[in-house]
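Working notes, structure below.
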Amino acid sequence: MRGKHAALGWLVAVGLLGGCAPTTTTGSGGSGASPHPTATAFDGLAQVGALFAGPSDAGVHFCTASVVHSPAHDLVATAAHCLAGTGRDLTFVPMYHDGVAPYGSWAVGAVYVGARWLTAQDPQEDVALLRLDPQQWQGRARNVEDAVGADRLVTSRGFDVEARVVGYALGTGGRPITCTNRTHAEDGYPAFDCDGYVDGTSGSPWITDVAGTTQQGDLYGVIGGLHQGGCTPQVSYSSYFGAEVQALYDRAVEGGPGDVVPAAGSSGC
């Protein structure tokens, strides 16, 4: 694997954009020999969705994103390595499953990444926040958080937490996958052991302290970081959410001009 994303240029090169798209595989399952739990498919969470290059009816989703609470109710989080350019050609579709978009879609208006990602693609800053344009609904504009809710960004929580990770495998249609396990530290990165997190699951939220009534909680990480999220479906990583991520969030909340993000280089896998 080349990390857990599919670069936009690669999607074009192999004909997944503007042409025939493959059938999605949601979760690799297990042979019975894996020491890791295996993610299972479900209909999804309202605040988690798929990222599309272009309108959602173009068919192919390539990364995962989730709504993070903000004063303007218009931010989603994903992995920085999912992005290239301004992001204004992207679309976020919350709770997408089986080809259905129950809440519609939102266009990306601006993207924000950390300074060390812009200059050096530092894997400890493999986080991005996307500001979404309002959606027209029943004759009025509404922001994404008002429609689907949000998780709350948390930082400096350490490495040992119970996290639920929800993600979309690269492809069309299909359903997202979910798995819950305890995280641990590996080379300075939070690590999460669960089988099934393949290409397309980059940006998947790591949600802690999930409330049973809303299924919302705290956003502790996103699949990314070390090896752009991991070299195998069994082990996933996140950048550590510390002061740099808090500063990124504060800048996105201010709502200034977005960044022009360089295309991701090698994952090192």
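For the range 108-122, the candidate set comprises residues that are buried (at least 18 other Cβ atoms within 10 Å of the Cβ) and over 15 Å from the mean Cα position of the chain (by Cα); within that set, the residue that is nearest to Gly3 (Cα to Cα) is Gln121. Right, Ala101: more than 17 Å from Thr78 (Cβ to Cβ), surrounded by 14 or more Cβ atoms within 10 Å (Cβ to Cβ), of a type outside the set (Val, Ile, Thr) and touching a strand residue (DSSP E or B) at 6+ places or on another chain (Cβ under 7 Å) or not? Against the criterion (more than 17 Å from Thr78 (Cβ to Cβ), surrounded by 14 or more Cβ atoms within 10 Å (Cβ to Cβ), of a type outside the set (Val, Ile, Thr) and touching a strand residue (DSSP E or B) at 6+ places or on another chain (Cβ under 7 Å)), Ala101 qualifies.
Applying a threshold of 8 Å to beta carbon distances and a minimum spacing of six or more residues, or different chains, the list of pairs starting in the range 203-224 at a residue that is closer than 13 Å to Ala191 by Cα and of a type in the set (Val, Ile, Thr) and ending at one that is surrounded by 24 or more Cβ atoms within 10 Å (Cβ to Cβ) and at pLDDT below 95 reads Ile223/Lys4. Taking the range 104-127 as the range and being at positive phi and touching a strand residue (DSSP E or B) at 6+ places or on another chain (Cβ under 6 Å) as the test, only Gly104 passes.
Exactly one residue out of Arg182, Arg175 is among the basic types (Lys, Arg) and in contact (Cβ under 8 Å) with a residue 40 or more places away in the chain: that is Arg175. Annotation note: of Ala50, Ala46, Ala65, Ala72, the sole residue that is within 16 Å of the chain's Cα centre (by Cα), surrounded by fewer than 21 Cβ atoms within 10 Å (Cβ to Cβ) and at pLDDT 95 or above is Ala46. Among all positions in the range 200-211, there is no residue which is in contact with an Asp or Glu (Cβ under 7 Å, 6 or more places away or on another chain), within 24 Å of Gly87 (Cα to Cα) and of a type in the set (S, T, N, Q). Residue-level analysis places Ala65 outside the set of residues that are of a type in the set (A, V, I, L, M) and assigned to a loop (DSSP other than H, G, I, E, B).
Would you check if Ala107 is part of a strand (DSSP E or B) and without any contact (Cβ under 8 Å) to a residue 40 or more places away in the chain? Yes; evaluated as a whole, the condition is true for this residue.
Looking across the range 79-100, just one residue is free of Cβ contacts under 8 Å to residues at least 24 places away in the same chain and not in a loop (DSSP other than H, G, I, E, B), and that is Val100.
Checking the structure you have, find out if any residue of the range 50-59 is out of contact with any Leu (no Cβ under 8 Å at 6 or more places or on another chain), within 29 Å of Gly188 (Cβ to Cβ) and not basic (Lys, Arg). Within the range 50-59, not a single residue is out of contact with any Leu (no Cβ under 8 Å at 6 or more places or on another chain), within 29 Å of Gly188 (Cβ to Cβ) and not basic (Lys, Arg).
The values are calculated or read from the model by the stated rules, or taken from the named source; none is laboratory data. Fair warning: this is a prediction, and the values are worked out from it, not measured in the lab. Using ideal geometry, Cβ is built from the backbone for each residue, glycine included, and neighbour counts are taken over all protein chains shown.
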